[in-house]
Amino acid sequence: MTVQSSMPRVSGYGDLAQEVRRLGLMQRRRPYYAGVAAVLLLAGGAVVATMLLRSHSWALLGLAPVVAVVSTQLGFLGHDLGHHQVTGSRRASRSLGLVCGNLLGGLSYSWWVTKHNAHHAHPNDLETDPDVRAGALVFDAGQADVRSGFPAWVTRHQAGLFVPMLLLEAFNLHVSSVREMFEPRLRYRVVESVLLAAHFAAYVAVLVVTLTWAQALAFVAVHKGLQGIYLGMSFAPGHKGMPVLDHEQASDPLLRQVLTSRNIRGGRFLDAALGGLNYQIEHHLFPSMPRPNLRAARPVVRDFCAGRGVAYTELSAFDSYATGLRHLHLVGAGLRARSDG
């Protein structure tokens, strides 16, 4: 859907940015991120130590959800590094990102940063935002209408298939990362390839040493399935079902980010659980703003938008997921009508 023409055409992003800087909300929060990294490393180390001490026990499957949480939180940390929230140094951000993404997470840091930056530059743009291009899911009726065969069947039922498909998302990210290693244009391909290989070798080694083959397969299925759901449920609510802008509105930096983004209401537990992505509006307006500052930025941005007549969308977690699923269902309506006819 396209935003109504009654929305403001000039938003005054520069005024908002000046106020945010005046309040110190762009200042780095290195101790916070050091604490996050320490907790994740300790949690991961504790899991490996427990598996080594209690090897070949089915009870170790209870650690798979813990690993899923740690893996996803590592993804959030890599996300913040990619946006230079942790440090202003590009070299330090890249080095830490390669360790966090490739070595610890098994994901190509450079591939993900390139893809994610394209999303930030043109959110919900059907031509240039990689997150809303037609793929396993489609997000616009125009994308759906040209489908046929099995892809059309998937689109007709994509709202119901959304969560089951997320079970494969972590595997999809690993496959995409490995595939990227064969691209000659990748600047740090050798380093990334070595770090990815080290990650997968260490992961397999821990499983082989501590579990039977049946236990290992079950562990991987639970770990990666839950990680995929966690990632999808964290990233999906921010934009799915939000408007596609006309060219004039998309050219305004505040309208482009606010009108295409959705916040999720909640407390500090939700902030931690979603890695700050529940403040999608503030994050998109100021990608390099450290995660712990987003909560303080929210009322500033909300009041600024209210004063300028810019729609600021914020829903509960339940309503945000329901809205996204309704949108996916609506996108497939034309194909369902064609099938019924």
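Per-residue answers, yes or no, for (1) small (Gly, Ala, Ser); (2) within 14 Å of Leu166 (Cβ to Cβ); (3) surrounded by fewer than 21 Cβ atoms within 10 Å (Cβ to Cβ):
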| position | (1), (2), (3) |
| --- | --- |
| Ala205 | yes, no, yes |
| Val209 | no, no, yes |
| Ala214 | yes, no, yes |
| Leu226 | no, yes, no |
| Gly232 | yes, yes, yes |
| Asp246 | no, no, yes |
| Leu255 | no, no, no |
| Thr260 | no, no, no |
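Could you tell me whether the stretch 269-282 includes any residue that is under 21 Å from Phe162 (Cβ atoms) and small (Gly, Ala, Ser)? Yes, there is a match, as at least one residue in the stretch 269-282 is under 21 Å from Phe162 (Cβ atoms) and small (Gly, Ala, Ser).
The numbered conditions (1) more than 26 Å from Val66 (Cα to Cα); (2) within 15 Å of the chain's Cα centre (by Cα) are all true for Gly309 except (2). Among the residues of the stretch 45-85, those that are under 19 Å from the mean Cα position of the chain (by Cα), on the phi < 0 side of the Ramachandran plot and of a type outside the set (A, V, I, L, M) comprise Pro65, Ser71, Thr72, Gln73, Gly75, Phe76, Gly78, His79, Asp80, Gly82, His83, Gln85. Of all residues in the stretch 169-195, those being over 25 Å from Phe235 (Cβ atoms), of a type in the set (D, E, K, R) and in a helix (DSSP H, G or I) number 1.
So, in the stretch 74-100, of the ones that are of a type in the set (S, T, N, Q) and not in a loop (DSSP other than H, G, I, E, B), which residue ends up surrounded by the most Cβ atoms within 10 Å (Cβ to Cβ)?
In this case the residue turns out to be Ser93.
Within the stretch 278-300, the set of residues being of a type in the set (A, V, I, L, M) and surrounded by fewer than 22 Cβ atoms within 10 Å (Cβ to Cβ) comprises Ala296, Val300. Would you confirm whether any residue within the stretch 247-265 is in a helix (DSSP H, G or I), hydrophobic (A, V, I, L, M, F, W, C), under 25 Å from Ala68 (Cβ atoms) and out of contact with any Ser or Thr (no Cβ under 6 Å at 6 or more places or on another chain)? Within the stretch 247-265 (the criterion being in a helix (DSSP H, G or I), hydrophobic (A, V, I, L, M, F, W, C), under 25 Å from Ala68 (Cβ atoms) and out of contact with any Ser or Thr (no Cβ under 6 Å at 6 or more places or on another chain)), the answer is no, since none of the residues qualifies.
When you check Leu103 against the structure, is it in contact with a His (Cβ under 7 Å, 6 or more places away or on another chain), under 21 Å from Phe171 (Cα atoms), of a type in the set (A, V, I, L, M, F, W, C) and surrounded by fewer than 21 Cβ atoms within 10 Å (Cβ to Cβ), yes or no? Yes: the conditions hold for Leu103. Filtering the stretch 106-131 to residues that are of a type in the set (Val, Ile, Thr) and surrounded by fewer than 19 Cβ atoms within 10 Å (Cβ to Cβ) leaves Thr114, Thr128. Filtered by the rule that a residue be in contact with a Gly (Cβ under 6 Å, 6 or more places away or on another chain) and of a type outside the set (S, T, N, Q), the stretch 278-311 gives Arg291, Leu294.
Within the stretch 100-116, can one find any residue that is out of contact with any Leu (no Cβ under 9 Å at 6 or more places or on another chain), charged (D, E, K, R) and closer than 23 Å to Glu192 by Cα? Yes; the residues of the stretch 100-116 include at least one that is out of contact with any Leu (no Cβ under 9 Å at 6 or more places or on another chain), charged (D, E, K, R) and closer than 23 Å to Glu192 by Cα.
Which helices (runs of 4 or more DSSP H) does the stretch 273-341 wholly contain that include 3 or more residues that are more than 22 Å from Asp15 (Cα to Cα) and without any contact (Cβ under 8 Å) to a residue 12 or more places away in the chain?
317-331, 333-340
Against the test of being within 30 Å of Ala218 (Cβ to Cβ) and either of a type in the set (Phe, Trp, Tyr) or not in a helix (DSSP H, G or I) (or both), the options Ala136, Ala64 yield a single qualifying residue, Ala136. With respect to the conditions (1) polar (S, T, N, Q); (2) closer than 26 Å to Arg298 by Cα; (3) outside any loop (DSSP other than H, G, I, E, B), Ser71 falls short on a single one, namely (2).
Inspect all residues belonging to the stretch 9-28 and state whether any of them is modelled with pLDDT under 95, assigned to a loop (DSSP other than H, G, I, E, B) and within 20 Å of Gln280 (Cβ to Cβ). The answer is yes, given that some residue of the stretch 9-28 is modelled with pLDDT under 95, assigned to a loop (DSSP other than H, G, I, E, B) and within 20 Å of Gln280 (Cβ to Cβ).
The values are calculated or read from the model by the stated rules, or taken from the named source; none is laboratory data. All values derive from a computational prediction rather than experimental measurement. Every residue, glycine among them, receives a Cβ derived from its backbone with ideal geometry; neighbour counts consider all protein chains shown.
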